[in-house]
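Accompanying notes for the structure given below.
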Amino acid sequence: MTEKSYDILICGAGMTGAGLASVLALQGLRIALFEAHKPKAFDLSQAFDLRISALSPQTRAVMQRTAAWDNLQAMRACPYRRMRVWELQGFGDLTFDAGQVGAAELGHIVENRVTQAALWQVLESQANVSLLCPQKPVKTYRKDGIMHVETQTGECFTGKLLVAADGGQSMVRQQFGIGVNRSQYEQACLVASVATQLGQQDITWQRFTPTGPQAFLPLPGQHGSVVWYNQADEVRRLSALSNEQLGEQIMQQFPAQLGDIKVVDKGYFHLQKQHAQQYVEDGLVLIGDAAHMINPLAGQGVNLGFQDIACLDEVISQAIDQGKDWWRADQLREYQQRRRLANRLMMETMDAFYHGFSNDQSAIKWLRNGALALARLGPVKRQVIRYAMGMQDVTAPLAKVFTR
Ligand SMILES: Cc1cc2nc3c(=O)[nH]c(=O)nc-3n(C[C@H](O)[C@H](O)[C@H](O)COP(=O)(O)OP(=O)(O)OC[C@H]3O[C@@H](n4cnc5c(N)ncnc54)[C@H](O)[C@@H]3O)c2cc1C
């Protein structure tokens, strides 16, 4: 079998695999990127996709290193300036405003496939990137210190570094025997794409109820996404309703801020938390959902993936500048130390929200109200906004302690 040789082999060209390839290509590295599923071409007349993400300014900054952000804006994205969080029972009610930290917006709500398409447009123009799709790796291994990928079509590719960007069920991670810590939440989440009677909004909101959070994310024009967390059985029941019946249920159960809505599409997701026990080995690195999956409560999943990208790009670039073997575990370990800690911290923060707000014990209520009162103070609020926007790395001091 003839082997095609590259510097880097990336398995999975979703948002994080494509994002990583686009920035590593700027370092002149030769990259092969494998994607099993060909995404549908984007067209403005298409209905909004159910899978959307709130992209943080830090994610935008990574995409702005190439034309990806301009490409994305040429398709469709909805900036949001404010974020409101409140409780149905209790007195917690907080509104975060980008103006409080001198920013124009807190983030953008974007369909996942638009983000992916914007990155693919960049990859197609990068001469040192081979975007191979549909192409499904079936066997990945290390032989004589070289990483190998064999595909369904019987071809073999080699590289110094293999990147697992193939999502939560990562085949690469499993083939290298890297274990995960995993837990399933009791709640599931219903997502409905809706047409709104109200005009385009610049606020996302989330209301915490004893049965789970309810949220609204604005999309361009009179569109939005409604997210409804509840016990898995109830979410299944709701998702089996017709669009009209579900629309009525949402109007009855959701806050008046939603206005009149019409359900266009719907789906539901199980919630799980999963963390790989290691991110690196010699010639191997895990990024994005292949490394970590978190509760989507605060919409941070893909943003963590883009922070992985920024960190890995920096670590590889430093090693290349110093003439080191950038694909070796001793060079990649800094990436693991920085990102594993930061991702873990975000997972724990989401768990604190999840358990803290689904709990009616008086001690927890007292703690929750105390935390919300604290968060209302100007300096604390600004720190929370910076953290949510990715402007503040709260793990930097911790990482110093842990890497000593
Ligand atoms: C309900 C819900 C809401 C969410 N909301 C948000 C949000 O608001 N903000 C946010 O930041 N995140 C959100 N997330 C999380 C976010 O969707 C994920 O973190 C993100 O999609 C991960 O991107 P990824 O590229 O790492 O993995 P994936 O999106 O899973 O992409 C993996 C890619 O690899 C390909 N692949 C898999 N196996 C192979 C193989 N063997 N060969 C070739 N290709 C392969 C797949 O086809 C896919 O294209 C949400 C998640 C859920 C469930």
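Structure data summary
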{"read-out": "Per-region count, segment 157-215, residues crowded, with 17+ Cβ neighbours inside 10 Å, more than 10 Å from the ligand (Cβ to nearest atom) and closer than 16 Å to GLU281 by Cβ", "value": "9"}
{"read-out": "Which numbered condition GLN322 fails, given (1) within 16 Å of the ligand (Cβ to nearest atom); (2) surrounded by fewer than 16 Cβ atoms within 10 Å (Cβ to Cβ)", "value": "(1)"}
{"read-out": "Answer residue from segment 251-287, given it is acidic (Asp, Glu) and not in a loop (DSSP other than H, G, I, E, B) and is surrounded by the most Cβ atoms within 10 Å (Cβ to Cβ) among those", "value": "GLU281"}
{"read-out": "Residues satisfying the stated conditions in segment 80-92, i.e. crowded, with 18+ Cβ neighbours inside 10 Å and at pLDDT 90 or above", "value": "TYR80, MET83"}
{"read-out": "From the options GLY370, GLY305, residue that is assigned to a helix (DSSP H, G or I) and at pLDDT 75 or above", "value": "GLY305"}
{"read-out": "Single match in ASP43, ASP49 (criterion: assigned to a loop (DSSP other than H, G, I, E, B), among the acidic types (Asp, Glu) and touching a strand residue (DSSP E or B) at 6+ places or on another chain (Cβ under 8 Å))", "value": "ASP49"}
{"read-out": "Unmet requirement for LEU286, which otherwise passes all of (1) of a type outside the set (Val, Ile, Thr); (2) modelled with pLDDT under 95; (3) within 13 Å of the ligand (Cβ to nearest atom)", "value": "(2)"}
{"read-out": "Residue that is farthest from the chain's Cα centre (by Cα) [pool: residues in segment 253-283 that are within 13 Å of the ligand (Cβ to nearest atom) and of a type in the set (A, V, I, L, M)]", "value": "ALA276"}
{"read-out": "In segment 289-302, residue surrounded by the most Cβ atoms within 10 Å (Cβ to Cβ) [restricted to those that are assigned to a helix (DSSP H, G or I) and near the ligand (Cβ under 7 Å from one of its atoms)]", "value": "ALA290"}
{"read-out": "Count - residues of segment 7-19 that are crowded, with 23+ Cβ neighbours inside 10 Å and either over 21 Å from GLY167 (Cα atoms) or within 9 Å of the ligand (Cβ to nearest atom) (or both)", "value": "9"}
{"read-out": "Residues located in segment 173-202, provided they are part of a loop (DSSP other than H, G, I, E, B), of a type in the set (A, V, I, L, M, F, W, C) and within 30 Å of LYS262 (Cα to Cα)", "value": "LEU198"}
{"read-out": "Selection count where residues are among the basic types (Lys, Arg) and farther than 15 Å from ASN303 by Cα, scope segment 49-77", "value": "2"}
{"read-out": "Among the residues listed as ARG344, ARG340, ARG333, ARG328, the single one being away from the ligand (no atom under 14 Å from the Cβ) and at pLDDT below 95", "value": "ARG344"}
{"read-out": "Conditions (1) assigned to a loop (DSSP other than H, G, I, E, B); (2) touching a residue at least 12 places away in the same chain (Cβ under 8 Å); (3) more than 16 Å from the ligand (Cβ to nearest atom); (4) out of contact with any Pro (no Cβ under 9 Å at 6 or more places or on another chain): number failed by ASN71", "value": "(1)"}
{"read-out": "Search result, residues across segment 1-19 that are in contact with a Phe, Trp or Tyr (Cβ under 9 Å, 6 or more places away or on another chain) and either outside any loop (DSSP other than H, G, I, E, B) or of a type in the set (Val, Ile, Thr) (or both)", "value": "GLU3, LYS4, SER5, ILE8, LEU9, ILE10, CYS11, MET15, THR16, GLY17, ALA18, GLY19"}
{"read-out": "Selection from segment 34-49 of residues that are at pLDDT 95 or above and within 9 Å of the ligand (Cβ to nearest atom)", "value": "PHE34, GLU35, ALA36, HIS37"}
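The values are calculated or read from the model by the stated rules, or taken from the named source; none is laboratory data. Computed from a prediction, not measured in an experiment: that's the story for all the values here. A quick note on method: Cβ atoms are made from the backbone with ideal geometry, for glycine too, and the neighbour counts reach across all protein chains shown.
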